[in-house]
Structures are given as C-alpha cells and as structure tokens.
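Let me begin by presenting the structure, written as structure tokens, before commenting on it.
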Amino acid sequence: MKTNKSVIYWLLSGCILLFVMVTVGGITRLTNSGLSMTDWHLINDTFPPMSEEKWVDAFEEYKKFPEYQKINQYNNFQLDDYKFIFFWEWFHRFIGRIIGVVFIIPFVYFLIKKQLNAATIKKCFILLGMGAFQGFLGWFMVASGLKDMPDVSHFRLAIHLTFAFITFAYTLWVALDLIYPERKLPVLELKKIARIALVILIIQIIYGGFVAGLNAGLIHNHWPLMSDGQFFHESIQLEQSNLLLAFTEGKSGVQFIHRTFAYFVVGMIIFLFIKSRKFVLDKTQDNGVKTLLVFVFIQFLLGIFTLLFHVPLWLGLAHQIMAFFLLTAMTFTLHRFSK
C-alpha cells in the first residue's frame, strides 16, 4: 500500500497536540492548578462556567476539598484566584478532548477509505488504548489530592507524566514507520546503546515527575554539590527509615537521584556519539545523534539553572519542554538505527 501523506500529517498533528498538552500540564503543575476541578464529566466539563453564579457554585464546591481547607483559605484566596487555576486545569482537560476528536474521527475516515495497512491499523488501536488509559491516569492522579492531602500523589503524577511521554514517543514511532518505509539492516551496536540511553532517559523523566510532585526542586538549590558542600546530603538518610523510601518518597533523596542520574543521561549520549563516529551513517542517523548531543547539554544546563533559581515558572517549564525535545530526538535516532 502506498504511503498516504495525510495519514502521516494526521499522526504528526497528534504528536504536536500531545506536546501542547504536556506543556500545559507543566504549567498546571507549576501554578498549583491541578486540583481546581474537583470532578470529572466527559460532556459537562467541556466548557468553563458561563455565568458568575456558576463560577461561585464551582468555587464553593472547591472549598470542600483539602487544598482550599488546608492551604488556600489562609492565603486570602478569592474567586479571581480560583478562576486563574481553574483555567489551566480546564484547558489541560480540553486539549485532551481535542486530541480524542483529532485521533478518532480521522482514524474512522482512514479505515473507511482503506488508507491504512494492517500493521498501521494495529498500531493505531494501541494508540487509542494508550490515549484512553492516559485519560484515566489523569483523573487517577487528581483523585489522590481530593481526599486527605492537599496535593496529588507524586507516584501518580510521575506515572501520568511518563505515560504521556511514552504515548508521544510511540505516536512519533508510528509516523516514522510511514515516513521511512524502506527497510535496511539496523546498526546493531548503536541500536543497543540507543535503547539503553532511552531506558535511562525514561527513568530520569520518572524522577522528574517525583521531583515535581514533591516540590523537591525547592531545596538544596546548589550545584554541583547539594547544601552545605555535601554530595550526598545528610538529610537524605534522616527523611525516611531506609534508603529505598528516601530515594522514592523523600525530597532530598528524590532530588539526589534526579540530579545524579542526569550525569548518566549525558554520559550515555556522549558514549553513543563517540561510538557512532566509527560507523558510516546516513544523513538521518548522523543528524539524529548530533541533535541528541546538543539537546542533552541544553537540558543539563536548564536543569542546573532551574535548581539554582528555585524553579521559577518559566525555567521549570523550559526544563520540561526540553525533556520532550530530548525524547523526540532519542526516539528518532533509535528508529533510524532500528529500521
């Protein structure tokens, strides 16, 4: 079957929308807006309140939950403040609905017109399932902050964030299969290194979610050492009863893993670049590796400055966006070494 350019554009538009959604999700987290909508309805939540009366009703409902009762009621939090945080959570969910429409309607059209081969149809059904599961993970995350604690579980936040990245990467992979339909022998050694680098990057993204969920970037705002000139700060062992808990639930421990693992991400990509110089690469492979190298250094610097400046909104967002670009380059490079 001849590759249909409209199918490629459709998949790439999905990638763009996923990027926008993750970006807005980052703003939602950094502005503490994620718990502003205390319920979830597929249809009723499509648009924000359309009258002042409905805004007041929504605000009164918000007041019944821990974030307001334990934090915001003591900060002179007014209706206008609520409208601000409501917008970002609503916009985040609205983009999710747009993604669903943009995926399902063209997918049905392409099926009817028989413009998808069997392999692509199978991959698209996987994407459909991933999208639905991501929607569930979003509410599963929000629900954790509507009970006793005025914040979402950092485990659930990390799962929600990481699965969004993985969904994007798989969507891009499906598009790349159509953009580069030719098959050739993979560069096995570089493919293996790129796979390991991808796994390390995913782990780093997970810990980025932990750091965000625990607000762990607001402590130990020094580099290259943590506070008091310590590489392994003493507070790591004091926060929890053992190192496993410290490295998964303690602010100092989680930050230590995230800042230390960054060196492994950089090192692995440098290693891939050095190894790739020993092979005759085509243009796409060479561009992929070089782009990876540039992106990982930019991301490393953004991480340092985000920490040093106590996570201002714009730097925190830039750091998350650059992680997205880095995953894009990693996915592209691995694909070009695999197919």
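The values are calculated or read from the model by the stated rules, or taken from the named source; none is laboratory data. Being a predicted model, the structure only gives us computed values, none of them experimental. Here the Cβ positions follow ideal geometry from the backbone for every residue, glycine too, while neighbour counts run over all protein chains shown. SASA here: full protein model, heavy atoms, side chains in, ligands and nucleic acids out. Shrake-Rupley method; radii C 1.70, N 1.55, O 1.52, S 1.80 Å.
For segment 233-339, how many pairs of lysine residues have a Cα-Cα distance under 27 Å, where the two are 8 or more positions apart or belong to different chains?
Lysine pairs satisfying the spacing and distance rule in segment 233-339 number 7.
Would you indicate which of [x] 6, 26, 33, 24, 10, 1; [y] 5, 23, 29, 25, 13, 4, 0; [z] 5, 22, 26, 22, 16, 7, 1, 0 is the value of P(r) over Cα pairs in 10 Å bins from 0, in percent derived from the coordinates of this structure?
[y]
Determine the share of segment 32-163's accessible area contributed by carbon and sulfur atoms, expressed in whole percent, with a 1.4 angstrom probe.
Accessible surface attributable to carbon and sulfur in segment 32-163 totals 66 percent.
Using a probe of 1.4 angstrom, how much of the accessible area of segment 242-314 is carbon and sulfur, in percent?
After summing per-atom areas, the C and S share lands at 77 percent.
Taking Cα atoms of segment 208-339, Rg/Rh with Kirkwood Rh, to two decimals?
Ratio of gyration radius to Kirkwood radius for segment 208-339: 1.05.
Within 10 Å of each candidate Cβ there may be at most 12 other Cβ atoms; applying that plus a DSSP loop requirement, which trypsin sites (Lys or Arg not before Pro) in segment 98-196 survive?
113, 114, 147, 183, 184
Is it possible to state the helix-based mean residue ellipticity at 222 nm for the chain, with each DSSP H run of 4+ residues giving -39500 (n - 2.57), the sum divided by total residues, to the nearest 500 deg cm²/dmol? What is it?
Taking each H run of at least 4 residues, the total per residue is -25000 deg cm²/dmol.
Hand me the GluC sites (Glu not before Pro) from segment 195-281 located in a DSSP loop with no more than 16 other Cβ atoms within 10 Å, in residue order please.
Answer in residue order: 234.
For segment 96-167, how many pairs of lysine residues have a Cα-Cα distance under 30 Å, where the two are 8 or more positions apart or belong to different chains?
4
Taking the Cα centre of segment 182-331 as origin, sum charge times position over the Cβ atoms of Lys and Arg (+1) and Asp and Glu (-1), and report the length of that vector in debye to the nearest 20.
Dipole about the Cα centre, nearest 20: 780 debye.
Would you please name the trypsin sites (Lys or Arg not before Pro) within segment 1-54 that are DSSP coil residues with at most 16 other C-beta atoms within 10 Å of their C-beta?
2
For the chain, what is the charge dipole size about the Cα centre, in debye to the nearest 20, if Lys and Arg each add +1 at the Cβ and Asp and Glu each add -1 at the Cβ?
The dipole of the chain has a size of about 2100 debye.
Before I look further, what does the chain give for accessible area per residue, probe 1.4 Å, in whole square angstrom?
51 Å²
For the chain, return all DSSP H helices satisfying: extent of Cα atoms along own axis at least 24 Å; mean Kyte-Doolittle hydropathy at least -0.5.
Long hydrophobic helices here: 5-30, 79-112, 118-143, 154-179, 188-214, 251-276, 283-308, 313-338.
Provide the solvent-accessible area of residue 199, counting protein heavy atoms only and rolling a 1.4 Å probe, rounded to the nearest 10 Å².
Per-residue accessible area (residue 199): approximately 90 Å².
Which values of log₁₀ I(q)/I(0), to two decimal places, follow from the Debye formula for segment 1-148 at q = 0.20 Å⁻¹ with a uniform point scatterer at every Cα?
After summing over all Cα pairs, the log10 values are -1.21.
Taking the Cα centroid of segment 214-290 and of segment 86-148, what is the distance between the two, rounded to the nearest whole Å?
31 Å
Let me check against my output: what whole-number percent is the relative contact order of segment 35-124, with C-alpha pairs under 8 Å and at least 6 apart?
Normalised by residue count, the contact order of segment 35-124 is 36 percent.
Just by accessible area at a 1.4 angstrom probe, what is the order of 270, 304, 16 from largest to smallest?
Descending order: 16, 270, 304.
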